[in-house]
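Notes to accompany the following structure.
The values are calculated or read from the model by the stated rules, or taken from the named source; none is laboratory data. What you see is a predicted model; the values in this text were computed from it and never measured. Here the Cβ positions follow ideal geometry from the backbone for every residue, glycine too, while neighbour counts run over all protein chains shown.
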Amino acid sequence: MATLRLSGVRKSFGPTQVLQPIDLSLEDGELLVIVGASGCGKSTLLRMVAGLERPSAGRILLDGTDITDRDPAARDIAMVFQNYALYPHMSVFDNMAYGLRIRGLSRTEIARRVDETAGLLGLQALLQRKPRQLSGGQRQRVAMGRAIVREPKLFLFDEPLSNLDAALRVQMRGEIKRLQRRLGVTSLYVTHDQTEAMTLGDRLLVLHEGRMAQLDAPMTVFAEPADTYVARFIGAPAMNLLPAVLAGGAARTQAGPVLALDGAAAGLPEGAKLLIGVRPEHFAPAPNGFAGTVELVERLGSESVAHLRLADGTPLAVRLAGAAEMPETLTVAPMPGHLHVFDAETGKRAAASRRAAPAALPLEATGTGV
Amino acid sequence: MNGRTDWTAHAVLALGALLFALPVWLAFAGSTQDSAAIARGDLSLLPNLANLGAYPRALIQGVMGTRPVWHMLLVSLGMAATIAVGKIAISILSAYAVVFFRFPFRRTAFWIIFVTLMLPVEVRIIPTYAVMSDLGLINSFTGLTMPLIASATATLLFRQIFLAVPDELVEAARMDGAGPLRFLRDVLIPVSAANIAALFVILFVYGWNQYLWPLLVATDPRLDTIVIGIVRMIGVESQTDWSAVMATAMLALLPPVAVVVLMQRWFVAGLAEGEK
């Protein structure tokens, strides 16, 4: 039960700045997911909270106490590692008990806590096994158990599911979420997997090249990405970005069609270069709009993803229901209310482009000549 | 790898095994025969199993005025075990420091250790002798073992072993609150147990086979190792009690063989565990 606050936490290795100053605060019991491509600094951030890495500047406060200079062991934080990092020569019981023994808890207290945690995770039958006698999923559970049994103020998860196969990953994802809810322990969870990020977090922090690209609830990040990086990073297939020019309050796309923006680009000068974002699922076949040749169709059963190439060379992914046969060319138009307007210069979302510009039908479809 | 028995490979292997085994067999056969016959050159390849008297004779009385063989075996055993344990202890600690701690001149320290690899015992034997002499350790067990304990090879090996320990394991222990000594005792040493066993075997045999240094530093017969002892037994050729010498040689083989056999089971099991 604790709050976590990071203020101005920064990290550089020599002259390379790995993390720009980060300001962040977590409420009691909150699960914050940090997501980003590899090398974005997300693990560094986690390791600084853990105390395994020293921040170059800034303070870390746990429950109001400054822990920036404290030893990892003195922080009351438990961490689940990507490779589990179980002690190979110790039984499951000893793996979980080790930290408690060092803390000098009594035998009975240790046995009680380990049994309780093992019960929570369904590990009772495995307590005497060595890690090498366990499956990947079981090892994962032991790693979680080792963290839970400590009853820490804060959990840190460093890509804990990335070594599991797909089915197990889904199962463990649910389990982590349930456990975290049930125990109510404030948690930081680092991942590069956007599904994990979307489903697990109360809030989502997208890191891009050491900078906080966006910090919001997962659905807000999805609905209103702060910049083109977040827009393309969250959601699969990635959001389409159509180069366009602002002309008379509407966007004249490079591919031809003009899209009404309904003030979404307010504040930007006439003639400004824009990127219009449309998610693949927000396209629908239409008599006129964006026409392109179908280059590839991925049929997933319940839906199909068509990869088009427009006349000007812009690629366009479109998600359609069912597994219908695709014609060689396809004309699609964005659904109303699902345009994202970004400034092409900065990549930032246009300030006025808040949720759902009401009518975003193509005004006119100038011939794209497919 | 085609399922058929590869006769050529087997023949080569058999030949190799025979080549290695023959001298040992010869020593065994010789230990059961009459010394005078051996001196004449009439060494039969067939052991005379009824005549094992050379063994108790050598073991209890010694040969040609040497100490009894059991005593020399004990000295050798003590020396080899002390050297092996001492080397492992020192090497683990120095490798631990070099791998896991950041301190000034860490690289220099490592290189100084590394450079001593190029100076085998024989090269530094005179200065070492001078040092031991100044310390008054000539003709003492300490003098016999201590100079052989300092070891770059084992340090280097442990360094490689420790470097292979995953960082996450180190960090997990830190998060669990294990201090440096605790981590060494509870995690690092158990995790490296198989390697330690393997190294113990190698170092024990190394210590057992030492010849030049014991010859120089320990002139007192009470400190004669088995290797030195055998040399002493071969006095003037005509008077040598050959069967006792060969019996001693056979006895001298037993402890290292026992160590290899016993530890081998252990470290093979350890290596098969895999996954650090």
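Numbers below:
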| item | result |
| --- | --- |
| Lone unmet requirement of (1) within 13 Å of chain B (Cβ to nearest Cβ); (2) in contact with a Leu (Cβ under 6 Å, 6 or more places away or on another chain) for residue A:101 | (2) |
| Residue satisfying condition, being more than 30 Å from residue A:342 (Cβ to Cβ), in contact with a Pro (Cβ under 7 Å, 6 or more places away or on another chain) and within 14 Å of chain B (Cβ to nearest Cβ), within set A:146, A:139 | A:139 |
| Candidates A:24, A:31, filtered to the one that is modelled with pLDDT of 90 or more and touching a helix residue (DSSP H, G or I) at 6+ places or on another chain (Cβ under 6 Å) | A:31 |
| Residue ID - farthest from residue A:311 (Cα to Cα), chosen from residues in region A:214-243 that are without any contact (Cβ under 8 Å) to a residue 60 or more places away in the chain and assigned to a strand (DSSP E or B) | A:216 |
| Residue within region B:197-219 that is more than 27 Å from residue B:132 (Cα to Cα) and either within 14 Å of chain A (Cβ to nearest Cβ) or more than 23 Å from the chain's Cα centre (by Cα) (or both) present | yes |
| Hits in region B:61-81 - residues which are polar (S, T, N, Q) and surrounded by 19 or more Cβ atoms within 10 Å (Cβ to Cβ) | B:66, B:76 |
| Residue list for region B:29-60, filter: surrounded by 12 or more Cβ atoms within 10 Å (Cβ to Cβ) and either among the basic types (Lys, Arg) or in contact with a Pro (Cβ under 6 Å, 6 or more places away or on another chain) (or both) | B:29, B:32, B:57 |
| Condition met for residue A:72 (surrounded by 18 or more Cβ atoms within 10 Å (Cβ to Cβ) and without any contact (Cβ under 8 Å) to a residue 24 or more places away in the chain) | yes |
| Top-ranked residue in region B:112-127 [being surrounded by 12 or more Cβ atoms within 10 Å (Cβ to Cβ) and in contact (Cβ under 8 Å) with a residue 24 or more places away in the chain; ranked as nearest to the chain's Cα centre (by Cα)] | B:121 |
| Residue tally, condition crowded, with 17+ Cβ neighbours inside 10 Å and under 15 Å from residue A:179 (Cβ atoms), over region A:121-133 | 2 |
| Helices (runs of 4 or more DSSP H) enclosed by region B:136-248 - at least 3 residues per element that are farther than 22 Å from residue A:79 by Cβ, in contact (Cβ under 8 Å) with a residue 40 or more places away in the chain and of a type in the set (A, V, I, L, M, F, W, C) | B:141-149, B:152-163, B:193-208, B:212-217, B:226-233 |
| Meets criteria (within 10 Å of chain B (Cβ to nearest Cβ) and more than 29 Å from the chain's Cα centre (by Cα)) for residue A:115 | no |
| Flag if residue B:127 is out of contact with any helix residue (DSSP H, G or I) (no Cβ under 7 Å at 6 or more places or on another chain) and outside any helix (DSSP H, G or I) | no |
| Among (1) among the aromatic types (Phe, Trp, Tyr); (2) within 9 Å of chain B (Cβ to nearest Cβ); (3) not in a loop (DSSP other than H, G, I, E, B) - the single one residue A:155 does not satisfy | (2) |
| Residue satisfying all of: in region A:10-43; surrounded by fewer than 23 Cβ atoms within 10 Å (Cβ to Cβ) and among the β-branched types (Val, Ile, Thr); farthest from the chain's Cα centre (by Cα) among these | A:16 |
| Candidate set from region B:137-174 (those that are over 19 Å from residue B:111 (Cα atoms) and small (Gly, Ala, Ser)); member that is surrounded by the fewest Cβ atoms within 10 Å (Cβ to Cβ) | B:164 |
| Scope region A:315-345; condition part of a loop (DSSP other than H, G, I, E, B), of a type in the set (A, V, I, L, M) and either free of Cβ contacts under 8 Å to residues at least 12 places away in the same chain or closer than 20 Å to residue A:227 by Cβ (or both); matching residues | A:339, A:344 |
| Enumeration of residues in region A:45-61 that are more than 14 Å from chain B (Cβ to nearest Cβ) and of a type outside the set (Ser, Thr, Tyr) | A:45, A:55, A:57, A:58, A:59, A:60, A:61 |
